1. Tell me, please, whether a residue that is assigned to a strand (DSSP E or B) and touching a strand residue (DSSP E or B) at 6+ places or on another chain (Cβ under 6 Å) can be found in segment 272-284.
2. Which of the residues belonging to segment 50-73 are modelled with pLDDT under 85, over 16 Å from residue 7 (Cβ atoms) and under 29 Å from the mean Cα position of the chain (by Cα)?
3. Being buried (at least 16 other Cβ atoms within 10 Å of the Cβ), at pLDDT below 90 and either touching a helix residue (DSSP H, G or I) at 6+ places or on another chain (Cβ under 6 Å) or closer than 30 Å to residue 318 by Cβ (or both): is that true of residue 118 here?
4. How many residues are surrounded by fewer than 22 Cβ atoms within 10 Å (Cβ to Cβ) and either on the phi > 0 side of the Ramachandran plot or in contact (Cβ under 8 Å) with a residue 12 or more places away in the chain (or both) when one looks only at segment 70-82?
5. So which residues in segment 210-222 are modelled with pLDDT of 85 or more and crowded, with 17+ Cβ neighbours inside 10 Å, if there are any at all?
6. Residue 383 is checked against (1) in contact (Cβ under 8 Å) with a residue 60 or more places away in the chain; (2) surrounded by fewer than 16 Cβ atoms within 10 Å (Cβ to Cβ); (3) closer than 28 Å to residue 269 by Cβ and fails just one. What number does that condition carry?
7. Can you confirm whether segment 264-271 contains a residue that is assigned to a loop (DSSP other than H, G, I, E, B), touching a helix residue (DSSP H, G or I) at 6+ places or on another chain (Cβ under 9 Å) and within 30 Å of residue 356 (Cβ to Cβ)?
8. Using the structure shown, decide if residue 225 is modelled with pLDDT of 85 or more and either more than 13 Å from the chain's Cα centre (by Cα) or crowded, with 18+ Cβ neighbours inside 10 Å (or both).
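The values are calculated or read from the model by the stated rules, or taken from the named source; none is laboratory data. Everything numeric here is computed off the predicted structure, so don't read it as measured data. A quick note on method: Cβ atoms are made from the backbone with ideal geometry, for glycine too, and the neighbour counts reach across all protein chains shown.
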């Protein structure tokens, strides 16, 4: 039997004896779903801020159970101050948050700021309808945490899909060398409320020799349009000459039905080995049409209704149409295996414009976790050189 993937969360709750029954219920659901909860002290009313910060920062997300405390003048109730503080801390750290509040607790700005809101009635914890709703909410939250923590394995985001994507890869001739440029336009539609970030990255799929003084990848983001005030806030996690990892987080929180269109642009010399002597090792891309030293393409993260990919290789690079092989392959940390049936679904065309090559791929319902691209063997560096 395959065991489910465990996740680690910070479990924020009141440990007052009067809340023991509701705590036992929610911790039991978490345990059954392989959600490991941590807290500073089950005997503490308030968490030392430095301890809370450390534990929340090290977690994948926060589950906050908010029982009723002081009554407000409008008939609603405050939650425990410690829980309120921990929610605010998790929000400030950009952590996904699931709030489970007792009926009557003041919701404040939760629905605008936080990912999920679930209510409970402590007198009906054994109600089948509530049990179903509680397990569903906690399980869906876990699925989002798995999506977020497995970006490197290209898990599909659970909260959104791409309506349309256009992706252009260009190898351009510069004054004394070449440069790779990437331009992407993408429209995202949210299928549920969300504050979860998703990745947009550019990275070298093969080892390439890089000079010590090489510049990092140029990366730019531009908002095109959206519903309401929705924006995506970029956070660059890594930036070098061969990789840029960026997370795009909706702000304010996206609501079901929201959409947003954005553009990204990247530029670097060292994303793909241009010449045979620039490859770092003997690894090959194994395809039905042969073995190739290099490849370039787009790894799909979102489910995408319609995608257009175009690869342009300048005349000065010297490749012929017969040198280029389009492909689709399953991809985790590298290419796993070719999926020829998926390539057959796509409309693929290779054109030669006086020595400049253009490869165009159009695909509907592209598969997340798959690389759509082209492969070739880099030529020997010309004797006159294009020094890198």
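1. If we filter segment 272-284 for residues that are assigned to a strand (DSSP E or B), which is where we start, we get 279.
Retained after the next criterion (residues that are touching a strand residue (DSSP E or B) at 6+ places or on another chain (Cβ under 6 Å)): none.
No; the residues of segment 272-284 include none that is assigned to a strand (DSSP E or B) and touching a strand residue (DSSP E or B) at 6+ places or on another chain (Cβ under 6 Å).
2. 50, 51, 52, 53, 54, listed by residue number.
3. Details: buried (at least 16 other Cβ atoms within 10 Å of the Cβ): yes; at pLDDT below 90: yes; either touching a helix residue (DSSP H, G or I) at 6+ places or on another chain (Cβ under 6 Å) or closer than 30 Å to residue 318 by Cβ (or both): yes.
Criteria met by residue 118.
4. Step one: of segment 70-82, the residues surrounded by fewer than 22 Cβ atoms within 10 Å (Cβ to Cβ) are 70-78, 81-82.
This time we only want the ones that are either on the phi > 0 side of the Ramachandran plot or in contact (Cβ under 8 Å) with a residue 12 or more places away in the chain (or both), so: 72, 75-78, 81-82.
Summing the residues that are surrounded by fewer than 22 Cβ atoms within 10 Å (Cβ to Cβ) and either on the phi > 0 side of the Ramachandran plot or in contact (Cβ under 8 Å) with a residue 12 or more places away in the chain (or both) in segment 70-82 gives 7.
5. To start, the set of residues in segment 210-222 that are modelled with pLDDT of 85 or more comprises 215-222.
217, 219 - these are the residues of segment 210-222 that are modelled with pLDDT of 85 or more and crowded, with 17+ Cβ neighbours inside 10 Å.
6. Against the list (1) in contact (Cβ under 8 Å) with a residue 60 or more places away in the chain; (2) surrounded by fewer than 16 Cβ atoms within 10 Å (Cβ to Cβ); (3) closer than 28 Å to residue 269 by Cβ, residue 383 comes up short only on (1).
7. Yes, the conditions are met somewhere in segment 264-271.
8. Numbers: modelled with pLDDT of 85 or more: yes; either more than 13 Å from the chain's Cα centre (by Cα) or crowded, with 18+ Cβ neighbours inside 10 Å (or both): yes.
Yes: the conditions hold for residue 225.
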